Amino acid sequence: MDDALAQADALNPNPLREGLDIERTPVPATIVIFGASGDLTFRKLIPALYDLAYERLLPAGFSILGFAHRDFDDASFREQMRAGVEEFSRNPLDNAVWDSFSAGIHYTRGDFTIDEDYDKLARRLREIDSDRGTTGNYLYYLATPPRFYEPIIDGLAARGLENPSSEASWRRIIVEKPFGHDYQSAHELNMAISEAFDEDNVYRIDHYLGKETVRNILAFRFGNGIYEPLWNRHYIDHVQITVAESIGIEDRAGYYERSGAIRDMVQNHLMQLFSLTAMEAPVSLAADAVRDEKVKVLNAVRPMRPELVPRQTVRAQYGPGYVSGEEVAGYRDETGVATDSMTETYAALTLYVDNWRWAGVPFYLRTGKRLARRVTEVAIRFRPVPQRLFESDPTEHSAPNELVLEIQPDEGINLNFKVKVPGPTFDLRPVNMVFQYGTAFNVQLPEAYERLLLDAMLGDRTLFIRRDEVEAAWQIVDRVISGWERQGAHSIPTYHSGSWGPSEANLLLAHDGHEWRRP
Ligand code: BG6
């Protein structure tokens, strides 16, 4: 814990934080980052690792070996990473922490497709083992474009780097998204990985699972007795899952043009939010117990028939507009985007889960770029009361009870219910009961990558995606994509940047007599 926070806690103890200081420290290991000269390493991985070092959660001897094409040596790579830490770490750059952390940072220049370069890598790893006592524990991080995943796995396997050097050491691999482009390619990638690594050593990452508030969905649902009895078709009318972003595609046109919102966001992040919200209670928090339930609910999603795709989905593209008062360009005017691009930057869909808990309850999922503001939430809309007792209640049907799990940026939980307005009449008004993480715990929430990197070093796979899970999610999304392809449309609806999306998305819910929440 931060010294200032520790002092503040000592003077003024916060009962909500009591007993929370159980820290887990992994054994010494080297994390090998393939694609170490890229953006992910600079903005997310190294800053997160530094934050772990700052919080004293890394073991002595912990080391990083960057491996990429660019021409760095250890010193210049460290310098570069220092700038990333200064800009993106949650904690301030502390010289003492940096000095000891950066002593473990190394770099080897290499080409992912040249066999001999894996010899250099192996030599470097052995040196680090003997200098820093990392005893052959290697965590490989694939932070490269996906076309290099298989060459890297083959390169490691050809040099025996996939196998631990002794019983006591381990080799694990973290695979970034996108994990495949569709079900078939994801399946093939899984096959290629399984040739070299046992599933127990494969960590497919979805950074949403590292977010405290996403994990809190499990805690909220299964750590409390009062909501779970209501969490079903008898009491819940429908569920809305929103991941709205105000940013555009930034400089990622090359990737985004081939991906679109459905592959970039729905297949992974929205499916995770969906499965955590809809799954049954796991028998324990063991990795496979949790993942078994997530896979079950993904498999229970009603396969979308092609003729239903136009009715159950919406795709659209942002046009020009204003976001936070600033004028922004439309998608087709972004650098690198085709002027007739049909790539969607907004996707919404209705899913039905064919099981006893959820039969008949629609789950509406939406995500888009350049929307009015950044907000991620899961909103549970309860059924209206069965009897209209309060004649003067204008909101009786328009505002049923709602529970909102706010994931970001205002992390918290919001319960909306009705109360009587003071006075002689029986007027009802909706009010909110609000819990906010920040104020309740008085801590800064860790970044998703901190938690996930630490878990991978500790060998905890709970928050990583299993092979069958990624394939099940692709099967859902593939049906939508092939339905869109069958439509053979030559135009795509647009929405103004800075709005809440296309009008077609309102129709999606209007069919069922519902409306999108305005977050
Ligand atoms: C990434 C997507 O996985 O998630 C991006 O590729 C998106 O397009 C990002 O902007 C959103 O993550 P977060 O943590 O900012 O909600």
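The values are calculated or read from the model by the stated rules, or taken from the named source; none is laboratory data. No experiment lies behind these values; they were computed from the predicted model shown. Methodologically, a virtual Cβ is constructed for each residue, glycine included, from the backbone with ideal geometry; neighbour enumeration extends over all protein chains shown. Protein only, heavy atoms only, side chains kept; ligands, DNA and RNA dropped before computing areas. Shrake-Rupley method; radii C 1.70, N 1.55, O 1.52, S 1.80 Å.
Anything in segment 339-361 that is over 20 Å from residue 264 (Cα atoms) and either among the β-branched types (Val, Ile, Thr) or open to solvent by less than 10 Å² (accessible area, probe 1.4 Å) (or both)? List them, or say none.
Once the filter is applied, which keeps residues that are over 20 Å from residue 264 (Cα atoms) and either among the β-branched types (Val, Ile, Thr) or open to solvent by less than 10 Å² (accessible area, probe 1.4 Å) (or both), segment 339-361 yields 339, 353, 358, 361.
On the given criteria, is residue 368 more than 24 Å from the chain's Cα centre (by Cα) and either over 20 Å from residue 267 (Cβ atoms) or at pLDDT 95 or above (or both)?
no
I'd like to know if segment 219-228 contains one or more residues that are charged (D, E, K, R), under 21 Å from residue 296 (Cα atoms) and surrounded by fewer than 22 Cβ atoms within 10 Å (Cβ to Cβ).
yes
Hey, any hits in segment 467-482 for a residue that's in contact with a helix residue (DSSP H, G or I) (Cβ under 8 Å, 6 or more places away or on another chain) and among the aromatic types (Phe, Trp, Tyr)?
Taking every residue of segment 467-482 in turn, at least one turns out to be in contact with a helix residue (DSSP H, G or I) (Cβ under 8 Å, 6 or more places away or on another chain) and among the aromatic types (Phe, Trp, Tyr).
Tell me yes or no: at least one residue of segment 220-229 is among the charged types (D, E, K, R) and under 21 Å from the mean Cα position of the chain (by Cα).
Yes; the residues of segment 220-229 include at least one that is among the charged types (D, E, K, R) and under 21 Å from the mean Cα position of the chain (by Cα).
Under 7 Å by Cβ, and 6 or more places apart or on different chains, what pairs join a residue from segment 106-126 that is assigned to a loop (DSSP other than H, G, I, E, B) with one that is β-branched (Val, Ile, Thr) and at pLDDT 95 or above?
Listed by first residue and then by second, the contacts come to 112/144; 112/152.
Restricted to segment 73-120, and to residues that are under 31 Å from the mean Cα position of the chain (by Cα) and among the β-branched types (Val, Ile, Thr), which residue is surrounded by the fewest Cβ atoms within 10 Å (Cβ to Cβ)?
Across segment 73-120, the extreme among qualifying residues is 113.
Scan 319, 336 and give me the residue that is in contact with a helix residue (DSSP H, G or I) (Cβ under 9 Å, 6 or more places away or on another chain), farther than 22 Å from residue 466 by Cβ and open to solvent by 40 Å² or more (accessible area, probe 1.4 Å).
Only one candidate passes the filter, namely 336.
Which pairs turn up if I take residues in segment 64-90 that are assigned to a helix (DSSP H, G or I) and look for partners that are open to solvent by 30 Å² or more (accessible area, probe 1.4 Å) with beta carbon separation below 7 Å, at least 6 apart in sequence or on another chain?
The qualifying pairs are 80/72; 84/42; 84/43; 85/93; 86/93; 88/43.
Quickly run through segment 149-164 and pick out the residues that are under 22 Å from residue 452 (Cα atoms) and either free of Cβ contacts under 8 Å to residues at least 60 places away in the same chain or of a type in the set (Phe, Trp, Tyr) (or both).
Residues satisfying the conditions are 149, 153, 162, 164.
Has segment 135-146 got any residue that is open to solvent by 40 Å² or more (accessible area, probe 1.4 Å), over 30 Å from residue 479 (Cβ atoms) and out of contact with any His (no Cβ under 8 Å at 6 or more places or on another chain)?
Checked against the condition, which is being open to solvent by 40 Å² or more (accessible area, probe 1.4 Å), over 30 Å from residue 479 (Cβ atoms) and out of contact with any His (no Cβ under 8 Å at 6 or more places or on another chain), segment 135-146 yields at least one hit.
Just the residues that are among the small types (Gly, Ala, Ser), more than 10 Å from the ligand (Cβ to nearest atom) and within 20 Å of residue 481 (Cα to Cα), please, taken from segment 215-266.
253, 254, 260
If you go through segment 432-451 one residue at a time, how many are within 16 Å of the ligand (Cβ to nearest atom) and either open to solvent by 80 Å² or more (accessible area, probe 1.4 Å) or out of contact with any Leu (no Cβ under 8 Å at 6 or more places or on another chain) (or both)?
4
Could you look through segment 369-391, keep only residues that are within 16 Å of the ligand (Cβ to nearest atom), in contact with an Asp or Glu (Cβ under 7 Å, 6 or more places away or on another chain) and under 15 Å from residue 517 (Cα atoms), and pick out the one that is most open to solvent (accessible area, probe 1.4 Å)?
So the residue we want is 374.
Residue 298 - would you say it is of a type in the set (A, V, I, L, M), under 19 Å from residue 218 (Cα atoms) and either within 16 Å of the ligand (Cβ to nearest atom) or surrounded by fewer than 18 Cβ atoms within 10 Å (Cβ to Cβ) (or both)?
Taking the combined requirement at face value, the residue does not satisfy it.
Please work out which residue is farthest from the chain's Cα centre (by Cα), limiting yourself to segment 163-178 and to residues that are away from the ligand (no atom under 16 Å from the Cβ) and of a type in the set (A, V, I, L, M, F, W, C).
Per the stated criteria, the residue is 168.
Scan segment 180-231 residue by residue and report those that are outside any helix (DSSP H, G or I), in contact (Cβ under 8 Å) with a residue 40 or more places away in the chain and farther than 26 Å from residue 409 by Cα.
Correct list: 180, 181, 182, 197, 202, 203.
Test of understanding: among 291, 263, 252, 258, which residue is of a type in the set (Lys, Arg) and open to solvent by less than 10 Å² (accessible area, probe 1.4 Å)?
The match here is 291.
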